[in-house]
Amino acid sequence: MSPRDSHLFLHSNCARGNVGYALSIQCSFMGVLAMPTLDLSFVRSQFPAFAEPSLDGQGFFDNAGGSYTCQQVIDHLNRYYRQMKIQPYGAHPASRRAGEEMDHSHVEIASYLGVSAEEVHLGPSTSQNTYVLAEAFGNRLQPGDEIIVTNQDHEANNGVWRRLAKRGIVIKEWQVNPSTGSLNTEALQALLSTRTKVVAFTHCSNILGEINPVRKICEIVHAAGALAVVDGVSYAGHGLPDVSQLGADIYLFSLYKTFGPHLGAMVIRRPLMDFLGNQAHYFNEAYLAKWFVPAGPDHAQVAAASGVTAYFDKVHEYHFPSADSKHRAENVRTLFREAEASLLPTLLEFCGGDSRVRLLGPIEAIKRSATVSIQTLSATPREISERLAKKGIIAGAGHFYAVRLLEALGVNSAEGVLRLSFAHYSSPEEIQQLINALNEAL
């Protein structure tokens with residue numbers, strides 16, 4: 001491709017919204033490896049669920065509730081329970097190996113997130129992690145200090161902060177646009193003051209699928225002298241982000257939604273860790289990995305967590321055999337994102353053009369993740385999900401812990417929405433299967 005052709009290709013594809021694809025080809029011209037197409041057969045071979053007879057022919061569209069688990073995590077967990085199910089970090093070789101595998105998970109997950117291993121904390125769930133986090137802040141903030149929350153978030157990054165009002169902390173709500181559900185940064189700026197200490201918001205709404213401009217928001221928050229706490233649960237399953245690049249002071253997500261064990265991962269940047277201090281037993285002060293996991297780590301699941309990055313590594317090696325490993329996180333993230341982006345417009349077009357449903361969130365695929373929620377008008381979301389189940393479609397219905405957002409949008413939270421969420425391993429055939437089944441179910 002000549003320089004002129006490269007420029008024209010980039011311009012035309014960006015105009016059509018194919019920014020990631022255009023940039024990958026442009027990078028190829030500039031000497032960086034071009035972004036290949038995800039090999040779906042290879043990817044699905046890494047997930048036992050796709051070979052499970054009981055799930056044969058079933059379209060899985062409840063990924064936002066929890067993804068399929070990759071083979072590497074299952075192998076790690078199985079091996080741990082068979083060979084190392086003893087207390088880790090002891091004198092015996094099996095005990096030492098158990099501790100080493102746990103430490104390895106911290107190192108590997110940190111490398112994909114662009115942070116240091118000591119900044120990664122693996123707790124029981126994101127809800128539990130935010131609870132511990134809010135308690136830690138509650139012990140450091142003063143009455144009159146302010147925390148800004150949104151009514152767009154999952155309750156995990158909402159309710160724990162609101163409870164601090166009992167300690168004299170002032171809680172302000174950054175409200176969504178009641179028509180679109182979107183957050184406006186100008187509205188945030190109007191809420192910030194010299195007393196603002198924390199702004200808690202989501203990377204991606206678990207209802208709308210809309211991706212918020214995290215870096216821009218973090219810059220606004222930091223300019224006001226406050227800290228940014230970002231809930232990345234609904235985003236991370238579509239590619240682990242570079243937390244340093246985002247600028248988040250705290251970033252949380254769930255490993256069971258990123259093809260791993262049922263754990264919550266929480267990144268806390270080191271200066272903030274020191275400010276908040278040890279939340280575990282006083283005699284664990286020397287063990288940073290325990291500071292924000294007061295119940296103690298689930299040894300086997302922590303050790304198995306590196307299976308997630310082992311899967312990512314395998315995907316990277318297969319698709320980028322000659323690439324430098326230092327680009328593996330970015331390459332895998334882009335590979336997953338583009339695979340999903342190629343399928344998303346078809347589903348959005350159907351949902352956005354059907355008078356029997358109300359599509360929530362932006363119609364433009366480039367603005368969102370592969371999570372699509374609809375308000376069903378002819379029957380309740382639960383009834384539609386039951387009809388879909390009979391047609392081989394696994395989909396969720398309910399409020400998904402985003403009650404405040406649904407209320408702001410005028411949706412009956414008791415009924416909730418039908419949520420259709422997929423991942424990079426989903427196929428075009430499954431998308432069409434979903435649309436056909438949905439058309440009949442409605």
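Could you grab me the full set of residues in region 268-283 that are surrounded by fewer than 24 Cβ atoms within 10 Å (Cβ to Cβ), out of contact with any Lys or Arg (no Cβ under 7 Å at 6 or more places or on another chain) and in contact (Cβ under 8 Å) with a residue 12 or more places away in the chain?
Arg269, Arg270, Leu272, Met273, Gly277, Asn278, Gln279, His281
Val308: at pLDDT 95 or above, among the β-branched types (Val, Ile, Thr) and in contact with a strand residue (DSSP E or B) (Cβ under 9 Å, 6 or more places away or on another chain), yes or no? Against the criterion (at pLDDT 95 or above, among the β-branched types (Val, Ile, Thr) and in contact with a strand residue (DSSP E or B) (Cβ under 9 Å, 6 or more places away or on another chain)), Val308 does not qualify.
All of Val233, Val243 fail the test of being open to solvent by less than 40 Å² (accessible area, probe 1.4 Å) and touching a His at 6+ places or on another chain (Cβ under 7 Å), apart from Val233.
Of all residues in region 341-359, exactly one satisfies the criterion of being out of contact with any Leu (no Cβ under 9 Å at 6 or more places or on another chain) and among the charged types (D, E, K, R), namely Glu349. Restricting the search to strands (runs of 3 or more DSSP E) fully inside region 205-275 and requiring at least 2 residues that are among the acidic types (Asp, Glu) and at pLDDT 95 or above gives an empty result. Considering region 43-67, the residues that are open to solvent by 30 Å² or more (accessible area, probe 1.4 Å) and in contact with a strand residue (DSSP E or B) (Cβ under 8 Å, 6 or more places away or on another chain) include one that is nearest to Gly392 (Cα to Cα), namely Gln58. Of everything in region 157-201 that is without any contact (Cβ under 8 Å) to a residue 24 or more places away in the chain and assigned to a helix (DSSP H, G or I), the residue that is farthest from Gly138 (Cα to Cα) is Glu186.
Among the residues making up region 69-91, those that are more than 20 Å from Glu108 (Cβ to Cβ), assigned to a loop (DSSP other than H, G, I, E, B) and either basic (Lys, Arg) or open to solvent by less than 70 Å² (accessible area, probe 1.4 Å) (or both) are Lys85, Gly90. Quick one: Met35 ticks every box in (1) at pLDDT 95 or above; (2) farther than 24 Å from Lys391 by Cα; (3) not β-branched (Val, Ile, Thr) except a single one, so which number is it? Checking Met35 against (1) at pLDDT 95 or above; (2) farther than 24 Å from Lys391 by Cα; (3) not β-branched (Val, Ile, Thr), the one that fails is (1). When Leu38 is tested against (1) open to solvent by 60 Å² or more (accessible area, probe 1.4 Å); (2) outside the structural domain of Tyr287 (by the TED database), exactly one condition is not met: (1). If the condition is being of a type in the set (S, T, N, Q), in contact with a helix residue (DSSP H, G or I) (Cβ under 8 Å, 6 or more places away or on another chain) and either farther than 18 Å from Ala437 by Cβ or in the same structural domain as Gly232 (by the TED database) (or both), then region 49-82 contributes Ser67, Thr69, Gln71, Gln72. Considered as a group, the residues in region 409-442 that are outside any loop (DSSP other than H, G, I, E, B) and open to solvent by 30 Å² or more (accessible area, probe 1.4 Å) include one that is farthest from Ser234 (Cα to Cα), and that residue is Glu440. The set of residues from region 284-313 being polar (S, T, N, Q) and either over 29 Å from Ser45 (Cβ atoms) or open to solvent by less than 10 Å² (accessible area, probe 1.4 Å) (or both) comprises Asn284, Ser306, Thr309. On the stretch given as region 370-408, residues that are open to solvent by 40 Å² or more (accessible area, probe 1.4 Å), among the small types (Gly, Ala, Ser) and farther than 14 Å from Leu434 by Cβ total 1.
The values are calculated or read from the model by the stated rules, or taken from the named source; none is laboratory data. In this text, all values refer to a predicted model and were calculated from it rather than measured experimentally. Glycine gets a Cβ as well: all are built from the backbone with ideal geometry, and neighbour counts include every protein chain shown. Note: accessible area is taken over every heavy atom of the protein model, side chains too, but ligands, DNA and RNA are not part of it. Shrake-Rupley method; radii C 1.70, N 1.55, O 1.52, S 1.80 Å.
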